[in-house]
Amino acid sequence: MIDDLTLAEQKAIQALKRLAKKWPKSLWLFSASGTLNVMRSGPKGEQVHTSGHGGIDPDYSVTTVNIPNDGGDW
């Protein structure tokens, strides 16, 4: 599958890998219903959940990025 990627696809993957090397520990990515959210970490570097519900706290969302995604499992 990886052998049939276009040059543009290969470059996009490499750009993500370069970004991952310098991504700040204070931010993380969360996929919610196909929306890729850039989230701020909590004061201890944790992913902040809503109290009582177990879901991710949307107040920590900084912005969204328009890259198709899915948060499902294999």
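Quick one: 3J(HN,Hα) in Hz for the stretch 59-74, Karplus 6.51/-1.76/1.60 with θ = phi - 60°, rounded, Gly and Pro as x.
5, 8, 6, 8, 6, 10, 10, 8, 10, x, 7, 8, x, x, 9, 4
Just subtract the alpha-carbon distance of SER41 and LEU5 from 0.36 nm times their residue separation and send over the number in nm, one decimal.
Stretched fully, the SER41-LEU5 segment lengthens by 9.6 nm.
Pop the C-beta distance of LYS22 and HIS53 into the FRET formula with R0 = 35 Å and round what comes out to the nearest 0.05.
0.60
Can you give me the angle between helix 7-22 and the longest principal axis of the chain, using Cα atoms only, in degrees from 0 to 90, rounded to the nearest 10?
Orientation of helix 7-22: about 40 degrees from the principal axis.
Sort the stretch 24-74 into rounded, prolate or oblate with this rule: let a ≥ b ≥ c be the square roots of the eigenvalues of the Cα gyration tensor; rounded if a/c is under 1.5, and if a/c is not under 1.5, prolate when a/b is larger than b/c, oblate otherwise.
Details: a/c = 1.87, a/b = 1.30, b/c = 1.44.
Taking the square roots of the gyration eigenvalues as a ≥ b ≥ c, the stretch 24-74 is oblate.
Would you calculate a helix-derived [θ] at 222 nm for the chain, using -39,500 (n - 2.57) for each DSSP H run of n ≥ 4 and dividing by the full residue count, to the nearest 500?
Calculated at 222 nm, the ellipticity per residue is -7000 deg cm²/dmol.
Return the single residue from PRO43, PRO24, PRO58 with maximal mean-square fluctuation; model: Gaussian network over the chain, springs between Cα atoms under 10 Å.
The residue that fluctuates most here is PRO43.
Using the Cα centre of the chain as the reference point, and only Cβ charges (+1 on K/R, -1 on D/E), how large is the resulting charge dipole? Debye, rounded to the nearest 20.
520 debye
Under the rule of at least 5 residues apart or a separate chain, name every residue whose amide H is placed under 5 Å from the amide H of VAL48.
HN-HN under 5 Å from VAL48: GLY42, ASP57.
Over the chain, what is the mean sequence separation of C-alpha contacts under 8 Å (at least six apart), divided by residue count, expressed as relative contact order in percent?
28 percent
Anyone know which of SER51, SER61, SER26 comes out most mobile in the 10 Å Cα GNM of the chain?
SER51
Computed from the coordinates by the stated procedures, all read-outs in this text should not be read as laboratory data. This structure is a prediction, so every number in the text was calculated from the model and none was measured. In this analysis, Cβ positions are derived from the backbone assuming ideal geometry, glycine residues included, and neighbour counts consider all displayed protein chains.
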